[in-house]
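What follows is one structure encoded as structure tokens, with my remarks underneath.
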């Protein structure tokens, strides 16, 4: 596997300009002859499909939901970063770039991150022009708030529904193109395989989730914007349908998978309440702007939070990280909460929670202001827990939230498979080992609105459009394989449900490869996962038939892939013998319990290459070269 | 619906004001009727206009009901609305009954076919004795009761219709909305009281036949 | 807690459906309604029966996928709540619960409790956007929008497109959904240029999609999980009248 990131030469600030200038273009009259397949309609997918169609390409867009508007980007709450420096507090492209690289624990590509920071401002302009109702100051100017991992206010937001509003903006742009006939939309259609012809991505095989029909679509390039793999942990803040099937099947067709062990555990989620729990709910990190995080100083303290006097409270983030305090980055905050709970000082029945307290903020700003800022989040918390957060502090606990790893892409966002582009959370590009709050929306939209539409032409211009049609033998082969897999799952008729397997896998992943990982736990997981997988293929029970809407079958396919993918994630975690960002190996920590990086041996992205069924994948390295940033120990003290 | 409804409401109010002349005694009412009829072609134009309005109101209503039924071909097994009112849900029924009443009402007072014995007299000025016709008709508790019942339904219809037309015409606003239901009910109630006061006054003897006056 | 469920089962769009009775035993009151259904489904699968199909995804009340009518009310008895955020603690032990799909001609049943809501997408296609191509925007702060206006636009824009308004309306009308988008964009300066064309096209598309008409019952507002106000319907009616008059000129 050749890993050529194709980073343009020249000074950091000029690379993107240079790339755009060097790129080949497609003659406007020829654009409509090129067909681009876009899978996924979240921020990255919808914005890419809409923009490519605006440029004149023929686009086909696919999503598993009943409408593109429901992709899980919609659930992002807090905001989107941009180096606008409207508050005049010292922000700049350089600072956003630096914060992101540092936040990612120096495990991302400089050139990509710098480009992201450069583009960030245009994203806000674009979204405002679309009519996204961002929060405003009384004079009518855009309002900003601060977010974890930054000391400037650069986060734009629309109440606690920023993801929703940005996605609806992209969705509306997409629907406009559908109405114009430039995008053909296929909802309730799940991609089950990537089709390669002569080594290049030329199409996909899909299952119509209503009729069960398996068919293929051919294109000149395939774009995956299918999100992350957080659901490998079963419980996560992802939507129930989020899955890794598209990127996993692409991996099995030859796309390199980078840094799967980089998973982000979000510090402010509502704690698990029972075994039946189907998902975890995130409370936006923006809450940490005004909420103070604490745990009791005493072990096994079963008093209600109000009964714990000030002197017996440990505001552990403020204590440990005085300069960032409650706004310390996510990985650090999560680990600190876990430490408090491991120490027996956790809140709630199971002791798996810490308090997020707004009493001070309500006293300082008044309940009305707090309600205006976080009303919907408080409302949501009250709905789920039946407790009133205006009166007593919230209980929070970390939960799997985002995955920084993904398919490896070069500077043009093209994977190791020619013609296969990967956007948003599905790729590994910009966040290194940890993502800063409000940066996922930024990256998804940067990829979709601005980067891919500028780079894909360079690939397409070298092709004859429409050279491959679905009558090619490779499509038949993929359809047969996909159909066989479906039949196999339906025929096992064992004893355990799909969810049962998923829960078992999730427990292993969370316990052995969650917030803290050790060689022993990872080896344990490496032994257990193949066992679960083997049992799955012998003992799973999938109800119904293929030729109907069959949610049990849909889940089975996704869990089958997670059962394979989980192993790769654990293997990557085992091989990365250092701690960095969201990847914390207990063997590699400082005396104070902070992550200890090993820049000498691990300043690279690990890229995995599939070798075939039952064979150990090969680990390649893309060295990370820092020319503009000094590799420092990350400190938020 | 809203436009025709609003115009018809205008008629309902004007008609009420005319009717209330009954409390001014036979001379006032009879001369009001005399002048009204004296308008001649203008009156017929107004009547034609009203007829067209009623027909339009009915046609749009029928269209609306049919389209709305078609919009939910499979009904709910359980359906528990929470916000809507009795008036809103019975608009079609109250409309049909009020229509039937209007037909009877026209036969009664305008074409004077239902009570020929009391409907064709002249008053001392030689004007048609509308006063006598009204008072003697409402002396019959069945006629008065039917009238009051129809007015109740009309006002039920109006209590939703009036509020509704503000919404449909886009005149509603955040400030108006909370008050609108109250205003609408009050208006309907006033109209009901106005109309019903006539038969009730007759029955209770506050308004007596002209002969009894002298 | 133990419950008796009456669930609408329908194999596909062409076959007739019926209510089927299921017993849901040992339900934890802290479960969400959908988690309760998960448990029922797991047990059905284990018994070799077909599980109940229902739409759901984010399970945090924002994607708009979940769409159950519970005891005659879309999204169930709690105001401002999607089914996925509705918890079993709001039901009584031994209660009989009727679960039905959204019922509207415009939302045909695909299976059991799953309906097709593409009509909403088609309404958006007909005008629910600002026609700005990527890259052509000016600096964001050159468009000033008063806080009150932005807040009001956000109130309308909060719509999650779940369709509860249609499901709740005695006439299966989509007025609140359309009004929310029309008003959101009509309130913002960015939406002014296409304002009249937008409202005309969106209302006409709505009319062609087999939705019923608004007769002002306000059930939509009561059922809306985002509590979007019927004032926006008045605003849309205003925009529509204005645009239709201008169109004739």
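Please treat every number below as a calculation from the coordinates, not as lab data. Bear in mind the structure is a predicted one, so any value in this text is a computation, not a measurement. Here the Cβ positions follow ideal geometry from the backbone for every residue, glycine too, while neighbour counts run over all protein chains shown.
Taking the average, over residues, of other Cβ atoms within 10 Å as the packing measure, peptides A:291-297, A:358-364 rank A:291-297, A:358-364 from highest down.
Taking every C-alpha pair closer than 8 Å and separated by at least 6 residues, the mean separation divided by the residue count of region A:129-247 gives a relative contact order of 13 percent.
Given R0 = 56 Å, the distance between the Cβ atoms of residue A:538 and residue B:60 translates into a calculated FRET efficiency of 0.30. The slack between residue A:589 and residue A:25, meaning 0.36 nm per residue of separation minus the straight C-alpha distance, is 198.1 nm. The helix-only estimate of mean residue ellipticity at 222 nm for chain A, built from DSSP H runs of length n ≥ 4 each weighted as -39500 (n - 2.57), is -11000 deg cm²/dmol after division by the residue total. Could you please state, rounded to a whole Å, how far the C-alpha centre of region C:34-97 is from the C-alpha centre of region A:109-144? Going from one Cα centre to the other spans 38 Å.
Peptide A:171-180 has a mean of 6 when you count, residue by residue, the C-beta atoms of other protein chains within 10 Å of its C-beta.
Taking the alpha carbon gyration tensor of chain C, multiplying each eigenvalue by 5 and rooting it gives semi-axes of 38, 19, 16 Å, largest first.
Quick one: helix B:2-19 against the long Cα principal axis of chain B, what's the angle to the nearest 10°, folded into 0 to 90? Taking Cα atoms only, the helix is inclined about 20 degrees.
For region C:118-248, count all C-alpha to C-alpha pairs, find those more than 21 Å apart, and express that count as a whole percent of the total. It works out to 38 percent of all Cα pairs.
Note on residue A:363 and residue A:390: the model spin-label points, each 7 Å out from Cα along the C-beta direction, lie 1.9 nm apart. When all alpha-carbon pairs of the protein assembly as shown are counted, what percent fall beyond 61 Å? The share of Cα pairs beyond 61 Å in the protein assembly as shown comes to 18 percent. When you count the other C-beta atoms within 10 angstrom of each residue and take the mean per peptide, A:56-65, A:316-325 line up highest first as A:56-65, A:316-325.
For chain B, adding -39500 (n - 2.57) for each run of n ≥ 4 DSSP H residues and dividing by the number of residues yields -23500 deg cm²/dmol at 222 nm.
In this simple spin-label approximation, residue A:306 and residue B:82 carry label points 7 Å from Cα along the Cα→Cβ vector, and these lie 2.8 nm apart. Projecting label points 7 angstrom from Cα along Cα→Cβ for residue B:70 and residue A:197 puts them 4.6 nm apart. Shape summary of chain B, radius of gyration then Dmax from alpha carbon positions: 19.6, 66 Å. Tell me, what is the FRET efficiency for residue A:596 and residue C:242 to the nearest 0.05, using R0 = 60 angstrom and their Cβ-Cβ distance as r? That pair, residue A:596 with residue C:242, gives E of 0.35.
Report note on the peptides C:21-28, C:86-93, A:73-80: ranked by the mean count of other C-beta atoms within 10 Å, highest first, their order is A:73-80, C:86-93, C:21-28.
Only alpha carbons enter this Debye calculation for region A:279-433, each as an equal point scatterer, and the log10 of I(q)/I(0) it gives at q = 0.10, 0.16 Å⁻¹ is -0.45, -0.91. Peptide C:231-237 has a mean of 5 when you count, residue by residue, the C-beta atoms of other protein chains within 10 Å of its C-beta. How far, in degrees from 0 to 90, does helix C:147-157 lean away from the longest principal axis of the Cα atoms of chain C, to the nearest 10? Helix C:147-157 sits roughly 50 degrees off the main axis of chain C. Fewest-first ordering of A:402, C:240, A:98 by other beta carbons within 10 Å of each residue's beta carbon gives A:98, C:240, A:402. Counts of other chain beta carbons within 10 angstrom of each beta carbon in peptide A:542-552 average 5. Each principal axis of region A:436-556 carries a Cα extent, and these read 51, 43, 26 Å when sorted largest first.
Once C-alpha pairs closer than 8 Å and six or more residues apart are averaged by separation and normalised to the residue number of chain C, the relative contact order reads 20 percent.
With the convex hull drawn around the C-alpha atoms of chain A, the volume per residue stands at 147 Å³.
Using 1/(1 + (r/R0)^6) with R0 = 56 angstrom and r between the beta carbons of residue B:52 and residue C:149, what's the FRET efficiency to the nearest 0.05? Taking R0 as 56 Å, the efficiency between residue B:52 and residue C:149 is 0.85.
Of interest is the spacing of the C-alpha centroids, which for region A:192-261 and region A:459-483 amounts to 16 Å.
For chain A, find the longest principal axis of its Cα atoms and tell me its angle to the long axis of helix A:473-492, 0 to 90°, nearest 10. The two axes meet at around 50 degrees.
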